[in-house]
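First the structure, in the form of structure tokens, and then the observations on it.
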């Protein structure tokens, strides 16, 4: 104690200097915003660096534990592999944007049953009500339209294939927007017909046929096929066009089901006008 | 008693000068003269060191209060006050410093005062500007500011000594 006092007395000048400087810096840091931020930032940099070092060391020490955990997790994940289970999770998400309101939601599904050789062909998908599929949703692949969902159960749904003579959808010629009805005549599974095209409309073989905006099921502009043959008008004002389908219905395996989020609103409005 | 009164008057006058005139001089952003350090330069030789620190602190703090930079000038002044005894030892004259004599320009000659003032002003300004910037980025700019301002302050200090001694 006596020694300490001696030291203090002997170096009182330096000690006092240091104390006053310390007070000064406390004042600086507390009273000047700029210095405060610089001080705090560098402080964070220092403590952050130290924490990093400590962390990397403790990580190293815990490696055994982590390895155990990882291997357990691997086993668990192996058990969860999709081959072992019927895929039921949805692979879509809603895209929230304030500028663009999302209208169409795509849900992927697998075709588990399909036919092309009947007059009324149906497709069965491995997703149903529980996965968000509803009736009258459009079904497409990236090659074009497949059909429309006709009925759904909890985990499955049946699709009215485009190759079904009961299905008629609104279509248009892409280059000049002339609308017509599109249906399958039940003959060749690769060809369908586009009817009600006025005879003056310019159409050539190879022109693209897409869905029109009249449909409440499909977005506008989804590929249906290309004009393969233009039949001369048989006395009337309309022509028929044989369309080569863009999809090979014999080969489809994965499809996208299109949900129209604004469909109810549209139908409600249209029904109101009809009343 | 006379010394004390004289120093208090000097204290007040220097603060007023600094706050009203010299704080407003900013030539090209690099030259900020700080004449108030004259107060610390001219404190009596026999001022006890601890009192020197306290005076320096209050001098700097007063300037801080007026220029809204709490602590910056105070820390620089305390640093300067801390160095003063060592500088006095370092450039001591042959005889010991006489008690109670204020060191003016002509007590120990111009070159002695010049050296004394130069070192302390340089120390003060270095400390001040570095603390003000609070980083070593763009140290070149800070260095230019230190040197130019020190020269300007030194000129002011020496000029003021000439003016006072002629009266």
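The values are calculated or read from the model by the stated rules, or taken from the named source; none is laboratory data. Fair warning: this is a prediction, and the values are worked out from it, not measured in the lab. Don't worry about glycine lacking a Cβ; one is built from the backbone with ideal geometry, like all the others, and counts go over all protein chains shown.
Taking the residues in region B:65-85 that are more than 8 Å from chain A (Cβ to nearest Cβ) and free of Cβ contacts under 8 Å to residues at least 24 places away in the same chain as candidates, determine which candidate is nearest to residue B:129 (Cα to Cα).
B:68
Per-residue answers, yes or no, for (1) part of a helix (DSSP H, G or I); (2) within 54 Å of the chain's Cα centre (by Cα); (3) more than 14 Å from chain B (Cβ to nearest Cβ):
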{"position": "A:3", "(1), (2), (3)": "yes, no, yes"}
{"position": "A:6", "(1), (2), (3)": "yes, no, yes"}
{"position": "A:19", "(1), (2), (3)": "yes, no, no"}
{"position": "A:73", "(1), (2), (3)": "yes, yes, yes"}
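Being under 17 Å from residue A:35 (Cβ atoms), without any contact (Cβ under 8 Å) to a residue 24 or more places away in the chain and not in a loop (DSSP other than H, G, I, E, B) is the filter here; which residues of region B:129-155 pass it?
Matches in region B:129-155: B:129, B:130, B:133, B:142.
Scan region A:162-190 residue by residue and report those that are part of a strand (DSSP E or B), in contact (Cβ under 8 Å) with a residue 24 or more places away in the chain and farther than 19 Å from residue A:106 by Cβ.
A:163, A:164, A:170, A:171, A:172, A:173, A:179, A:180, A:182
Out of everything in region A:134-155 that is in contact with a helix residue (DSSP H, G or I) (Cβ under 9 Å, 6 or more places away or on another chain) and without any contact (Cβ under 8 Å) to a residue 40 or more places away in the chain, what residue ends up being farthest from residue A:208 (Cα to Cα)?
Taking the candidates together, the pick is A:154.
Quick check: is even one residue across region B:61-68 assigned to a loop (DSSP other than H, G, I, E, B) and modelled with pLDDT under 85?
Yes: one or more hits.
Restricting attention to region B:41-52, which residues are within 14 Å of chain A (Cβ to nearest Cβ) and either without any contact (Cβ under 8 Å) to a residue 12 or more places away in the chain or surrounded by fewer than 22 Cβ atoms within 10 Å (Cβ to Cβ) (or both)?
Across region B:41-52, the qualifying residues are B:47, B:48, B:49, B:50, B:51.
Whether any residue in region B:82-94 is surrounded by 21 or more Cβ atoms within 10 Å (Cβ to Cβ), within 19 Å of residue B:17 (Cα to Cα), modelled with pLDDT of 90 or more and out of contact with any strand residue (DSSP E or B) (no Cβ under 6 Å at 6 or more places or on another chain) is what I want to check.
no
Restricting attention to region A:222-252, which residues are within 35 Å of the chain's Cα centre (by Cα) and modelled with pLDDT under 85?
Across region A:222-252, the qualifying residues are A:250, A:251, A:252.
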